[in-house]
Structure formats: C-alpha cells, structure tokens
Amino acid sequence: MCLIARTSPADWGITAFSTWSLAKLRDHLLERGTVAAISRETLRRILRGAGITWQTTTTWKASPDPDFIAKMQRILDLYDHPPADGRAICVDEFGPLNLLPRKGMARRPQTKPKRLRATYHRYDGVMQMLAALDLVTGKLFYRIRPRKRAIEFLAFLKTCGRGGPARSCTSSATTTRRIAPHRNADVRAWCADNRIELVYLPTYGSWLNWIEAEFAALRYFALDGTDHRSHAEQNAAIGAYIRWRNARAEPKTGFVTDSPIRTWIHYPAKAA
C-alpha cells in the first residue's frame, strides 16, 4: 500500500488500464510486483483519490457553426434571464417512435428475468412526438403525430398557445433546432404575429436544448424494457409518464451553472 500510494495510476505500467475491471487491475499490480497485497476497495479509493472514475464512453461531433459561441451564449442568457413579460419554452421532436422490443432495467424475482422477443417486424409504421418544456412551471406538453412537417409543427405551436405554456404569455422565446419545419415561412410569420421569438440552437448543439434531458428521462421511464404491440399502447405509456411527471414538476432554473461551457470564449475543436 505504501509503495502504490507514492505512485500515480500513470506509473503502473498499464496499456489497457481504462477498460480493466478492478479485479483485473489488482491482479496486474500483484503480478508486476507493484504491491504485495491490495484489495479492490482499497484500489477503488486510490483511483477515486486520483480523480479517476468509471465513465461511459461517448462520441463528440464538432459543430461547423461559425456563430456557435454567440448562439450558445444567447441560449444560456435566455435560461438565466427569461422574458420579463412572458416565458422561455424549449421545443423539439422526440422520435421516431417505432414498435419494437427495447432493452431496459426492472426489479424482478430472482431467477425470473423478464425476456423480450429478439425477432420482430416493425409493423404499423412510425410516429413522431412534438414536445414543449415550459421552464416557468417545469411541465411538458406534447402531441404525437404520424409526421413532423412544418404543418404539424405550426399546429403544435398553436396548441401550446391555446392550452399549453404560452396561453398566459404576452411574449415568449422558444428554443428549437434550425431544421426545415422550424424555419418554414408560415411558422416564422405566425410566431412574429404572436410575439414568439424563435431562438435557434447552433448546428449540432441540441444538447443545449433543456428538453433533451427530459427526453432521456422519458425514454428511461416510459420506453426502456417495453415491447408495445400498438402505437395506441405505446402512446398511452408515454402519456401516463408525462402526467405523472407533470404532477411533480417544478420550475426549471440553473442550467449547467457549473459547466465549463460557461467559460468558453471560443468553440473547442475536440471534446474537453
């Protein structure tokens, strides 16, 4: 223990360190003679003390948007300082919603795991979900439709205005991706007439849209581990989750307040 404590993980002579289990790493250190004995828990504490944790490997797609920083700062400022006479709303599409078995986690009796079919056909086509996150109340509003064209997007915005987050607004700022349905002339004209500012995300910057975190939760709680055989059944599961979630919703504040992105003055060419 004394010997290993005076070294760093980089000195342990390991080439595949990042993918090794604690047991495999311990065996390597014992065979190498770095220590005479060490437990996995002690090894875990040493790694934690060195700032090394077990993390999921993710991909990074650099944005070619020359105005990335300016657009990002506009989004962050909108989250920090929503319209005084209205509210900020995050809008995006979730989907496509296929009918297929989905892996997931579930509490089950021992020796009785839940099994899903491995062979299936994607009958009944796909559906698309349009959703809005109201930052003032923290509630989600949605519609599920067969397509996600400009006509569906505009109809959804109008529905939000009648019975959703914008119904009590004199103005609102809506964050959304810069894709064709969102840039449609009829969409932009209606928003201008109704004092709605469309704030577009930078290219490949959908992670700046606060609603993306809600989509991850929706996928985990409503879809993972399911095998719905009809869109009506799947849509009902999504609706049940959103009703449960909205009953417990709280105002959204403090978007990535401690994230390094708030200190960016230029866009990094690769993942930090």
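The values are calculated or read from the model by the stated rules, or taken from the named source; none is laboratory data. All of these numbers come straight from a predicted model, not from anything done at the bench. Here the Cβ is made from the backbone with ideal geometry for all residues, glycine too, and neighbour counts use every protein chain on show. Each accessible area value is taken on the protein alone, full model and side chains, heavy atoms only, with ligands, DNA and RNA left out. Shrake-Rupley method; radii C 1.70, N 1.55, O 1.52, S 1.80 Å.
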Options 71, 61, 112, 103: the member that is open to solvent by 70 Å² or more (accessible area, probe 1.4 Å), at pLDDT 80 or above and either among the polar types (S, T, N, Q) or farther than 30 Å from residue 125 by Cβ (or both): 112
How many residues does the range 225-250 contain that are in contact (Cβ under 8 Å) with a residue 40 or more places away in the chain, within 20 Å of the chain's Cα centre (by Cα) and loosely packed, with under 13 Cβ neighbours inside 10 Å? 1
Within the range 173-202, considering residues that are modelled with pLDDT of 90 or more and assigned to a loop (DSSP other than H, G, I, E, B), the one farthest from residue 80 (Cα to Cα): 184
Evaluate the following for residue 87: is it open to solvent by 20 Å² or more (accessible area, probe 1.4 Å), among the charged types (D, E, K, R), at pLDDT below 90 and in contact with a Leu (Cβ under 7 Å, 6 or more places away or on another chain)? yes
Quickly run through the range 37-53 and pick out the residues that are exposed (fewer than 10 other Cβ atoms within 10 Å of the Cβ) and part of a loop (DSSP other than H, G, I, E, B). 37, 51, 53
